[in-house]
1. What is the number of the single condition among (1) touching a Gly at 6+ places or on another chain (Cβ under 9 Å); (2) within 17 Å of residue 249 (Cβ to Cβ) that residue 166 does not meet?
2. Among the residues of the range 173-213 satisfying the criterion of being in contact with a strand residue (DSSP E or B) (Cβ under 8 Å, 6 or more places away or on another chain) and without any contact (Cβ under 8 Å) to a residue 24 or more places away in the chain, which is nearest to the ligand (Cβ to nearest atom)?
3. Within the range 146-199, work out how many residues are of a type outside the set (Gly, Ala, Ser), surrounded by fewer than 20 Cβ atoms within 10 Å (Cβ to Cβ) and not in a helix (DSSP H, G or I).
4. Given the criteria among the hydrophobic types (A, V, I, L, M, F, W, C), touching a residue at least 60 places away in the same chain (Cβ under 8 Å) and either open to solvent by 70 Å² or more (accessible area, probe 1.4 Å) or in a helix (DSSP H, G or I) (or both), does residue 251 qualify?
5. Tell me yes or no: at least one residue of the range 11-19 is of a type in the set (A, V, I, L, M) and in a helix (DSSP H, G or I).
6. Scan (1) acidic (Asp, Glu); (2) in contact with a Leu (Cβ under 9 Å, 6 or more places away or on another chain); (3) in contact (Cβ under 8 Å) with a residue 40 or more places away in the chain for the single condition residue 152 breaks and write down its number.
7. State which residue is modelled with the highest pLDDT when the search covers only the range 206-225 and only residues that are open to solvent by 30 Å² or more (accessible area, probe 1.4 Å) and under 16 Å from residue 118 (Cβ atoms).
8. Looking only at the range 214-228, filter to residues that are in contact (Cβ under 8 Å) with a residue 40 or more places away in the chain and touching a Gly at 6+ places or on another chain (Cβ under 8 Å); which one of those is farthest from the ligand (Cβ to nearest atom)?
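The values are calculated or read from the model by the stated rules, or taken from the named source; none is laboratory data. Predicted model, so just to flag it, every value in this text is computed and none were measured. Backbone-built Cβ (ideal geometry, glycine too); neighbour counts: all protein chains shown. Surface areas here come from the heavy atoms of the whole protein model, side chains and all, with no ligands, DNA or RNA. Shrake-Rupley method; radii C 1.70, N 1.55, O 1.52, S 1.80 Å.
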Amino acid sequence: MSPAPKKLALEMPLILVSSEVEDKGREFGDYSISLSIRYERALLNAGAIPWVMPTTTTPSLVAEVVRRCDGLMLTGGEDVNPELYGPPLEKSLQEKVHLTPDGGQRDLRECLLVREALSQGKPILAICRGHQVLNVALGGTLIPDIHSARPECIEHRRMDRRTEVVHQARLTPDSLLSKITGKQLFGVNSTHHQAVDRVAPGLRVSALSEDGIVEALEFEASSGESLPFLLSVQFHPERLEDRYSEHKAIFRAFVAACKQT
Ligand code: MN
């Protein structure tokens, strides 16, 4: 037998990828796993093997799955249940929030994943909903609807331009994101109506839109501590990495960090 497959596996880290659940998948007419193929393409392009997370919420099983992977990628989807970060919303606001169709299982699973990945020192890349889940899992809060809370902001939910640059993100100097991309300002897409409000303890803002929305988070730098890679972004680099080097660089840096674990 050739040793090649083992070598290939060592060179390509295995990245656990969370998915959405649809209540009536087209093929099976049943609860179905749903995940844009762009996420796995972006990981494959960066030299990693994507591994879709099983839909379990059993803590010991989540811990075991995290143990077997080299990194965790949280993806986009429906809104995080506001009751996980604050009191119940008023009815008018409730109507603007769209929860996952699985009765809160995805919220629970992803909060468990964040805690396990951090306690096991595994790198995390969190995208869009994932960026919000990460902040909530670590004790932060969200703006449940940008329009209602900050009417002065631009429209951040541009589903019509989901693969195009919609607004700029200004990076915090010396942030991980500025080091990865080599930029202070770059264009991002924007398909969200919620945003990070209070940043969780231990995290810091690494990018803001011109109207003050938190577009990226990372670990707060603390002297002498060696922390694993952690980056969350409100935008969707997997829809831009085929054309924009700064978005490709995010996946490259994440996969490089996963190879070190
Ligand atoms: Mn935005």
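1. Just one mismatch for residue 166, condition (2).
2. The qualifying residue nearest to the ligand (Cβ to nearest atom) is 185.
3. The qualifying residues number 27.
4. Values: among the hydrophobic types (A, V, I, L, M, F, W, C): yes; touching a residue at least 60 places away in the same chain (Cβ under 8 Å): yes; either open to solvent by 70 Å² or more (accessible area, probe 1.4 Å) or in a helix (DSSP H, G or I) (or both): yes.
Taking the combined requirement at face value, the residue satisfies it.
5. Taking every residue of the range 11-19 in turn, none turns out to be of a type in the set (A, V, I, L, M) and in a helix (DSSP H, G or I).
6. Every condition holds for residue 152 apart from (2).
7. 219
8. 228
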